[in-house]
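Okay, so here's the structure we're looking at.
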Amino acid sequence: MDPLVITAHTLTSAAGTGIAANAEALRNGTSGLRACDLESVNLDTYVGRVPGVEAIALEGALAPFQCRNNQLAELGLRQDGFAEAVAAAADRYGADRVAVLLGTSTSGIAATEAAYHRRDPQTGALPPDYDYQHTQNMFSLADFVATRFGLSGPAMVVSTACSSSAKVFADARRYIAAGLCDAAVVGGVDSLCGMTLYGFNALQLVAAQPCTPLDRDRAGISIGEAAGFFLLERPSADARGPLLTGYGESSDAHHMSAPHPEGLGAAAALQQTLERAGRRGGEIDYVLMHATATPANDGSEARALVRSLGPTPRAVGSKGLTGHTLGAAGAVGVAQALASLAGGFVPPTAGLHTLDPELDLDARAEAEPRPVQRVLVNAFGFGGNNCSLLLEAPQ
């Protein structure tokens, strides 16, 4: 496929606000997880909570969008000169030629949770200030970002669980190739709320301690929140940067929540990515795994890697830094891959003590300084929604 250039990006997570802070945490394996301190949640677990979200006030035309998810989005959009880069792209191409393609799984559901706590005790009616359209509605995120930037191009939200903000990169490639736009703001935002924490706890997937992906004694996930945004354009003299050179998507629909035990759908997505990029498994420096730290998910993904890349592939799990950010996980992975390409290092797997020997992977607890040219990023969701992306250093 013809590559796309990532001309600007930003990441805000529990590991840091902005690219530099997240890159430093990634290199050093510094976790942002902390004991769950959400007022509305009483669970013995750790979360990846982003500091400062509650202080963000959306004003003027953006006031109706006030909810944790859009507050987190706004915090992210203020970092790394990203807003200025989008404004420049809108000037260059026209506001109607810049798409907004974003992923989320929670949207602003925390606002609905709060509204239900304030129902009229007599009638059960929701409070009059509750605004479903601009908060919980899945399109709220794209609506908010497009409104903020004054963009009038195609806008869409993808909600395929934990693959959501990876799949929008593939959508951007299709939109640009079809001539529907000249550039695209892609990425994803997911925020902490009671539904996800209690829901994953009901599935017996939540760990009591910070998650330890790929570790022999891993015991489950830690839920996190994050906002990651990227500006994608065609390569040109004025559009240079790291490249999206391949993507792969599959839906094996093996089970509502459990992955295919042999990772068949995941392997299909990986193989598509390599084929689109014209690469072989041996040309990949490492795979930034989805690696949720549950025994079933890590095992399934490891088998998919071996099937697609060969024995003992170099692999990294990063959710020990940020927690599992669900619909934002793909965006987090891409931003971490870009930090690795720019900084010249293979990241450590944060929280790794003893690699599970049954996984047949090469994963390490320390960073490996060396040039990195190509990174595969995986994001796999419930229902067998699988997506892989290949990021390459600038040429």
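The values are calculated or read from the model by the stated rules, or taken from the named source; none is laboratory data. If you're wondering where the values come from, they're calculated on a predicted model, not measured in any experiment. FYI the Cβ positions are ideal-geometry reconstructions off the backbone, even for glycines, and counts take in every protein chain you see. Just the protein is used for accessible areas: all its heavy atoms, side chains included, with ligands, DNA and RNA removed. Shrake-Rupley method; radii C 1.70, N 1.55, O 1.52, S 1.80 Å.
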Could you check region 4-20 and list, in sequence order, the residues that are buried (at least 20 other Cβ atoms within 10 Å of the Cβ) and either under 17 Å from the mean Cα position of the chain (by Cα) or part of a loop (DSSP other than H, G, I, E, B) (or both)? I6, A8, H9, T10, L11, T12, S13, A14, A15, G16, T17, I19
Looking at region 139-155, I want the residues that are farther than 11 Å from A99 by Cβ and have a partner that is open to solvent by less than 10 Å² (accessible area, probe 1.4 Å) and outside any helix (DSSP H, G or I) with Cβ atoms under 7 Å, at least 6 apart or on another chain. Which pairs are those? S140/S107; S140/G108; L141/L102; L141/T104; L141/S107; L141/V189
Quick check: is even one residue across region 220-233 open to solvent by less than 30 Å² (accessible area, probe 1.4 Å), at pLDDT below 95 and under 29 Å from A172 (Cα atoms)? no
Of the numbered conditions (1) touching a residue at least 24 places away in the same chain (Cβ under 8 Å); (2) in a loop (DSSP other than H, G, I, E, B); (3) of a type outside the set (S, T, Y); (4) closer than 26 Å to G333 by Cα, V86 satisfies every one except a single condition; which is it? (2)
Pairs under 7 Å by beta carbon, first residue more than 25 Å from Q271 (Cα to Cα) in region 236-247, partner assigned to a strand (DSSP E or B), six or more apart or different chains? A239/V5; A239/T7; A239/E233; R240/V5
Which one of A23, A89 is crowded, with 21+ Cβ neighbours inside 10 Å and under 18 Å from the mean Cα position of the chain (by Cα)? A23
Counting only residues that are touching a Gly at 6+ places or on another chain (Cβ under 7 Å) and more than 25 Å from A177 (Cα to Cα), region 77-107 contains a total of 4
Residue, farthest from G381 (Cα to Cα), within region 282-291, restricted to residues that are open to solvent by 10 Å² or more (accessible area, probe 1.4 Å) and in contact with a strand residue (DSSP E or B) (Cβ under 9 Å, 6 or more places away or on another chain): E283
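Determine whether E275 is part of a loop (DSSP other than H, G, I, E, B) and touching a residue at least 24 places away in the same chain (Cβ under 8 Å). Spell out the reasoning first.
Numbers: part of a loop (DSSP other than H, G, I, E, B): no; touching a residue at least 24 places away in the same chain (Cβ under 8 Å): yes.
When the stated conditions are applied, E275 does not pass them.
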Does any residue of region 135-155 turn out to be open to solvent by less than 60 Å² (accessible area, probe 1.4 Å), assigned to a strand (DSSP E or B) and at pLDDT 95 or above? yes
Checking the structure you have, find out if any residue of region 185-206 is open to solvent by 10 Å² or more (accessible area, probe 1.4 Å), within 23 Å of A363 (Cβ to Cβ) and either in a loop (DSSP other than H, G, I, E, B) or among the aromatic types (F, W, Y) (or both). yes
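Between T112, T212, T160, which is among the hydroxyl-bearing types (S, T, Y) and out of contact with any Lys or Arg (no Cβ under 8 Å at 6 or more places or on another chain)?
Values: T212 fails: out of contact with any Lys or Arg (no Cβ under 8 Å at 6 or more places or on another chain); T160 fails: out of contact with any Lys or Arg (no Cβ under 8 Å at 6 or more places or on another chain).
T112 is the lone residue from the list that is among the hydroxyl-bearing types (S, T, Y) and out of contact with any Lys or Arg (no Cβ under 8 Å at 6 or more places or on another chain).
Take the conditions farther than 26 Å from T104 by Cα and surrounded by fewer than 24 Cβ atoms within 10 Å (Cβ to Cβ) and apply them to A342. Does it pass? Walk me through it before giving the result.
Details: farther than 26 Å from T104 by Cα: yes; surrounded by fewer than 24 Cβ atoms within 10 Å (Cβ to Cβ): yes.
Considered against the rule, which asks whether it is farther than 26 Å from T104 by Cα and surrounded by fewer than 24 Cβ atoms within 10 Å (Cβ to Cβ), A342 comes out as yes.
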Considering only residues that are among the polar types (S, T, N, Q) and surrounded by fewer than 22 Cβ atoms within 10 Å (Cβ to Cβ), look in region 45-84 and name the one that is farthest from F139 (Cα to Cα). Q79
